[in-house]
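Participant: Take this structure first; my questions come after.
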Amino acid sequence: MRIGTNTLVLFAFAVMISACNGSDSAPKSDVSDSTFADKSDQPKPTNTKLQDLGPIVSPVPEVDPRAVAPQAVQAGTRPYFLVDSMSDGPLKTKLKSCADGPFKRTDFAIAHRGAPLEFPEHTKEGYEAAIRMGAGILECDVTLTKDNQLVCRHQECDLALTTDVLSNLELAAKCSIPFTPAQSTKKASVSCCTYDFTLDEFLTLKGKLAGSNPDATKPTEYLRNVSDKRTGLYSRGTVMSHAQSIALFDAAGVKMTPELKDVRLAPGSTRENFIKQLIKEYRDAKIDPSRVYIQAKKLDDVLYLAANERDFAKGASYLWPLPSSVTDDRLADLYKQGVRTISSAWENLTDIDKTTKKPIPSKAALAARKARFELVGWTMENDYWLTKNGDDVYEMLDVLAKDVGVKGVFFDWVGTTSYYASCMGLK
């Protein structure tokens, strides 16, 4: 009798295990992912799950597009924190009504250097975080290495601030200005540039949150300080070449906005060579120009594109302060020369109403829209915005979207924007 009981117990236990693991005979749930209430917004089925791309190496490995197929957008907790902190009113009511999503990827949400509010800028990990939060367009600021290769870095000479280069004595010795320790009346000094290193050397570095310790007496001490407004949870990241960023963005199905930085050119090279090299990498990767929005602070760069690379010129943007003193004639001249998009700081695109103390469109922004320019705003959710509340952030974003009429905004934490864009039905 005891043997029979044990047998029955074991049989029942096996049935329970089978039910937990799921079987072909188990009933299928008809409930879809709550993030995608509309089935048309669901990712297309694939044979593989979303996977990390793994270590970035040179040359760029081939990426199976199925491995980074579109996925459910995760706006994260910060938008809810900001919305909950807002004063009662129509905007808060509207945003709270969207708490259950669905959240979608939109071109209005532009990732500024990835997700540098928490992740090291221009790193694979930061880019992947921005993609998960719904960024439709991602930025790679483009500079040159010693062997004339394109890499993603905001400034040529910020490596001591944004990477662990000083932890490698062999590489640190190659910096343009080697580390000099702080003394009684002098702060520590160092300058490490992308053109100090070959591409292979650059790719050995690890990204870190931007910051430095000016009182450091040792190179490793210089690396320790980061802004107290940012987290150190994700302190190391994989730096990337421009070509590697293209592969990552293409596989994820997002658009790209490289910025042509002010770079030190190799002897005999020209600015035109630099632009041609950047465009060649998109062509080599078979990227449709409609997915690329080149940015440039130099007007000559934009005019070169308009005259020589019309496919890429269509989405190119002129990074310009858009001064309050801008005239209609100046705007008309820019348009005639081939500029179609102006990208400017939110401060240039908005003013503060003296009576209500609320943001309103600037006269310069309205003049630019009247002159038929498309506008892009930058940058929100950076250190400045982290001292502000939900009213400040979302009222500004609402004015930029509805009253200024920008087609997108750069954010250091793009989940805040993708929440708003999805709620307002922006593309």
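The values are calculated or read from the model by the stated rules, or taken from the named source; none is laboratory data. Keep in mind that what you see is a predicted model, and the values were worked out from it rather than measured. Here the Cβ is made from the backbone with ideal geometry for all residues, glycine too, and neighbour counts use every protein chain on show. Just the protein is used for accessible areas: all its heavy atoms, side chains included, with ligands, DNA and RNA removed. Shrake-Rupley method; radii C 1.70, N 1.55, O 1.52, S 1.80 Å.
Participant: Whose amide H sits under 5 Å from the amide H of SER317, counting only residues 5 or more places off or on another chain, with H placed in the peptide plane?
Facilitator: Here the answer is ILE294, GLN295, ALA296, since their amide H atoms fall under 5 Å of that of SER317.
Participant: How much accessible area per residue does region 200-315 have, in Å², with a 1.4 Å probe? Working shown, then result.
Facilitator: Values: 5570 Å² over 116 residues.
Per residue, region 200-315 has an accessible area of 48 Å².
Participant: Same structure, new question: At what distance in nm do the modelled label points of ASN308 and ASP228 sit from each other, each positioned 7 Å from its Cα along Cα→Cβ?
Facilitator: In this crude label model, ASN308 to ASP228 measures out at 4.9 nm.
Participant: Still on this model: Separation between the GLU170 and LYS286 pseudo-spin-labels, each 7 Å from Cα along Cα→Cβ, expressed in nm?
Facilitator: 3.8
Participant: Counting only Cα, what are the radius of gyration and maximum Cα-Cα distance Dmax of region 85-205, in Å?
Facilitator: 19.8, 59
Participant: Using per-residue counts of other Cβ atoms within 10 Å, averaged over each peptide, order 176-186, 127-137, 210-220 from highest down.
Facilitator: 127-137, 210-220, 176-186
Participant: Further, regarding this structure: Between the alpha-carbon centers of region 252-285 and region 352-427, tell me the distance in whole angstrom.
Facilitator: Measuring centre to centre over Cα atoms gives 29 Å.
Participant: When the accessible area of region 297-377 is split by element with a 1.4 Å probe, what percent falls to carbon and sulfur?
Facilitator: Heavy-atom surface of region 297-377 belonging to carbon and sulfur, 1.4 Å probe: 49 percent.
Participant: While we're here: What are the ³J(HN,Hα) couplings of region 365-378, residue after residue, when phi is run through the Karplus curve with 6.51, -1.76, 1.60 and θ = phi - 60°? Round to Hz, x for glycine and proline.
Facilitator: 5, 5, 5, 5, 5, 4, 7, 6, 7, 7, 10, 10, x, 8
Participant: List the residues, sorted by chain then number, that are 5 or more residues from ALA345 or on another chain and whose placed amide H is less than 5 Å from its amide H.
Facilitator: Result for ALA345 returns TRP378.
Participant: What is the set of long-range amide H partners of GLY207 at a cut-off below 5 Å, with H atoms built 1.01 Å from backbone N?
Facilitator: Under 5 Å from the amide H of GLY207: GLY237, THR238, VAL239.
Participant: May I pose another question? So what is the relative contact order of region 275-427, in percent, for Cα pairs below 8 Å that sit 6 or more residues apart?
Facilitator: 17
Participant: Also, I was wondering about something else. Among 303-315, 101-113, 247-259, 230-242, what's the highest-first ranking by average C-beta atoms within 10 angstrom per residue? It would help to have the intermediate numbers written out before the result.
Facilitator: Working: 303-315: 16.9, 101-113: 24.0, 247-259: 21.8, 230-242: 18.7.
The peptides rank, most packed first, as 101-113, 247-259, 230-242, 303-315.
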